[in-house]
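Everything on this sheet refers to the single structure shown next.
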Amino acid sequence: MRAEGIETVRRILCVFPRYTSSFGTFEHAYPLTDGVQAFMPPQGLLLIAAYLPENWQVRFIDENIRPTTKEDFEWAEAVFVSGMHIQRHQMNDICRRAHAFDLAVAIGGPSVSACPDYYPSFDYLHVGELGDATNELIARLARDPSRPERQVVLKTNDRLPMTEFPIPAYEMAEMTKYFLGSIQYSSGCPYQCEFCDIPGLYGRNPRLKSPEQIIAELDKLRECGVTGSVYFVDDNFIGNRKAALDLLPHLVEWQKKTGYVMRLACEATLNIAKRPEILEKMREAYFVTVFCGIETPDPDALKAMHKDHNMMVPILEGINTINSYGMEVVSGIIMGLDTDKPETGKALLQFVEDSQIPLLTINLLQALPQTPLWDRLEREGRLVNDDNGRDSNVEFLLPYDQVIDSWRKCMEVAYEPEKLFARYQYQCDYTYSQRIKVPVSPEQKSWTNIKRALIMLRNIFWKVGVLGDYKMAFWKFALGRLRHGDIEGLIGSSLIAHHLIMFARAASVGQQNASNYSIRLREASVPAE
Ligand code: SF4
């Protein structure tokens, strides 16, 4: 549904801020593609864009793709911004630029919802999810779009049920310029891991869209040109297992109908390995990747962070089970935990080798506001300012330099090209081979898609295979893929591998941040207010 009963017409500029360079946004892969410029389309801002009154004009800009221009600001009557903590400085900068045109600026999304104090200059703070605060914001702007005298904070008390969410305005985004498509089925997670802000922000009882909404969204994504991978951004795809089982047959049917036009991915807890009935349906729906927050292979550490559910099956066994359904596991790993010991880095590298997981996001512990971890560290006096070059806002129990050195060493060794491609080779042999055989969809057979693949192959062969400095490892892997006629696997693995190798190299010499969540400023950032 949309906001209704508003007569006045307004022009709203929705601006999504740039990301600071990070491990999880794959920007080193973009130059190898046919013009990808950004990671995923922002669900929240596109949802708001779709919810605004039908007669309002909306312009959407993702600053990862192009900057907002003078003409955009002159066109607008008000500006909406949304983003995560890592984009904090960029969001404040958009506000400063909009104010130069005397425009009212509203901010919503996860960062302001957790930390309204981060955004003192904005005119409107929209705290919480889509709901009564959104309606109030729209009503106020309809009455008067000029800047209010002082900041107005609007908090959602009554959330709009997700079954009434409109389809995000994907048509406003340049969908083919994104590395991945995105979609959301549920919000919230029943667990309470100490470091995680999801249960606090979105609740422990997952809210849901209907399977019919998801199918309509997939149709729309397809209409907008998305044919590759689509990521379910749900905090935990099996947060409500019955809901996952309700949705999956619809996805299977849709994939069959469209000729398996999309490869699906999601985030889920590792105990999904105990649910063969879900895994089997996911295989049929062509889920090819599952991101699991494994965090650490150390059982004592999992207990301490209240992530006992990761131990419902032995970790390596759980990963093998997921692999056996054709799904590659991507793992989140955290270093700098209170339970870490001097030999933790070594144990982690052993785990990387044993698990054969190619892609692990290895981050340093960062305390997020509104988490039990934040509260505990605050009580213990162990929260520190990370604006001045520190890689984390946590005072570790081990010496800081030792933790950073250990992180850098892990990044360096885990992403040595030979080791990384060997793990991808393992995935080809033991995971990808377990996938269902899907037909070639009409979109995949299209000239547009063939041209895209040829451009990417040319870029990969030239920039990695000829000019690259890890060409031996690359060709060893690539020739195997070519012999199997697996062009899709070759392109997919090579793109990700290139990002991981480049990012890890920068990280191991101290040029990259050790935390995906830290807001430490980097060259891609803008001046703070
Ligand atoms: S399982 Fe994942 S989403 Fe849920 S609380 Fe833990 S870290 Fe957060």
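The values are calculated or read from the model by the stated rules, or taken from the named source; none is laboratory data. Nothing here was measured: the structure is a model prediction, and the numbers come from that model. Here the Cβ is made from the backbone with ideal geometry for all residues, glycine too, and neighbour counts use every protein chain on show. Surface accessibility is based on the protein's heavy atoms, side chains included, excluding ligands, DNA and RNA. Shrake-Rupley method; radii C 1.70, N 1.55, O 1.52, S 1.80 Å.
Can you find even one residue in segment 250-272 that is touching a Gly at 6+ places or on another chain (Cβ under 6 Å) and open to solvent by 10 Å² or more (accessible area, probe 1.4 Å)? Lay out the reasoning, then the answer.
Restricting attention to segment 250-272, the residues satisfying the condition of being touching a Gly at 6+ places or on another chain (Cβ under 6 Å) are 270.
Pick out the ones that are also open to solvent by 10 Å² or more (accessible area, probe 1.4 Å) and you get none.
No.
Search segment 309-336 for residues being away from the ligand (no atom under 15 Å from the Cβ) and assigned to a helix (DSSP H, G or I), and hand back the single one that is surrounded by the most Cβ atoms within 10 Å (Cβ to Cβ).
Ile319
Assuming Tyr51 fulfils every condition listed in (1) crowded, with 20+ Cβ neighbours inside 10 Å; (2) out of contact with any Lys or Arg (no Cβ under 6 Å at 6 or more places or on another chain) apart from one, which condition is it?
Going through (1) crowded, with 20+ Cβ neighbours inside 10 Å; (2) out of contact with any Lys or Arg (no Cβ under 6 Å at 6 or more places or on another chain) one by one, Tyr51 breaks only (2).
Over 30 Å from Leu248 (Cβ atoms), open to solvent by 40 Å² or more (accessible area, probe 1.4 Å), more than 16 Å from the ligand (Cβ to nearest atom) and touching a His at 6+ places or on another chain (Cβ under 8 Å) - does that describe any residue in segment 153-162?
no
Among the residues of segment 283-308 satisfying the criterion of being β-branched (Val, Ile, Thr) and part of a strand (DSSP E or B), which is modelled with the lowest pLDDT? It would help to see each step written out before you state the result.
Taking segment 283-308 first, the residues β-branched (Val, Ile, Thr) are 288-290, 294, 296.
Still in the running and part of a strand (DSSP E or B): 288-290, 294.
Working: Val288: 97, Thr289: 96, Val290: 97, Ile294: 93.
Result: Ile294.
Would you point out which residue out of Ala173, Ala139 is small (Gly, Ala, Ser), in contact with a helix residue (DSSP H, G or I) (Cβ under 9 Å, 6 or more places away or on another chain) and away from the ligand (no atom under 16 Å from the Cβ)? Reasoning before the result, please.
Values: Ala139 fails: in contact with a helix residue (DSSP H, G or I) (Cβ under 9 Å, 6 or more places away or on another chain).
Answer to the selection: Ala173.
Being more than 23 Å from Asp246 (Cα to Cα) and open to solvent by less than 20 Å² (accessible area, probe 1.4 Å) is the filter here; which residues of segment 281-308 pass it?
Correct list: Gly293, Ile294, Glu295, Thr296, Ala301, Leu302, Met305, Lys307.
So which of Pro417, Pro358 ends up being surrounded by 21 or more Cβ atoms within 10 Å (Cβ to Cβ) and in contact with a Lys or Arg (Cβ under 6 Å, 6 or more places away or on another chain)? I'd like the intermediate steps shown before the answer.
On the way: Pro417 fails: in contact with a Lys or Arg (Cβ under 6 Å, 6 or more places away or on another chain).
Of the residues listed, the single one that is surrounded by 21 or more Cβ atoms within 10 Å (Cβ to Cβ) and in contact with a Lys or Arg (Cβ under 6 Å, 6 or more places away or on another chain) is Pro358.
Conditions tested, residue by residue: (1) open to solvent by 50 Å² or more (accessible area, probe 1.4 Å); (2) polar (S, T, N, Q).
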position	(1), (2)
Arg96	yes, no
Ala100	yes, no
Ser113	no, yes
Tyr124	no, no
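Within segment 435-464, track down each residue that is under 19 Å from Phe477 (Cβ atoms) and either assigned to a helix (DSSP H, G or I) or at pLDDT below 95 (or both).
Those that are under 19 Å from Phe477 (Cβ atoms) and either assigned to a helix (DSSP H, G or I) or at pLDDT below 95 (or both): Ala453, Met456, Leu457, Arg458, Asn459, Ile460, Phe461, Trp462, Lys463, Val464.
Look at Arg18 and say whether it is open to solvent by 20 Å² or more (accessible area, probe 1.4 Å), in a loop (DSSP other than H, G, I, E, B) and in contact with a helix residue (DSSP H, G or I) (Cβ under 6 Å, 6 or more places away or on another chain).
It is true that Arg18 is open to solvent by 20 Å² or more (accessible area, probe 1.4 Å), in a loop (DSSP other than H, G, I, E, B) and in contact with a helix residue (DSSP H, G or I) (Cβ under 6 Å, 6 or more places away or on another chain).
Could you tell me whether Gln366 is at pLDDT below 95, within 16 Å of the ligand (Cβ to nearest atom) and on the phi > 0 side of the Ramachandran plot?
no
Looking at segment 28-128, what helices (runs of 4 or more DSSP H) fall wholly within it and have at least 3 residues that are touching a residue at least 60 places away in the same chain (Cβ under 8 Å)?
43-51, 88-99, 110-114
Only one of Arg59, Arg66 is among the basic types (Lys, Arg), closer than 18 Å to Arg10 by Cβ and surrounded by fewer than 18 Cβ atoms within 10 Å (Cβ to Cβ); which?
Arg59
Taking segment 207-248 only, how many residues are within 16 Å of the ligand (Cβ to nearest atom) and open to solvent by 20 Å² or more (accessible area, probe 1.4 Å)?
Of the residues in segment 207-248, 7 are within 16 Å of the ligand (Cβ to nearest atom) and open to solvent by 20 Å² or more (accessible area, probe 1.4 Å).
Quick test for you: out of Lys281, Lys303, pick the one residue that is out of contact with any Pro (no Cβ under 9 Å at 6 or more places or on another chain) and more than 28 Å from Pro42 (Cβ to Cβ).
Details: Lys281 fails: out of contact with any Pro (no Cβ under 9 Å at 6 or more places or on another chain).
Of Lys281, Lys303, the one residue that is out of contact with any Pro (no Cβ under 9 Å at 6 or more places or on another chain) and more than 28 Å from Pro42 (Cβ to Cβ) is Lys303.
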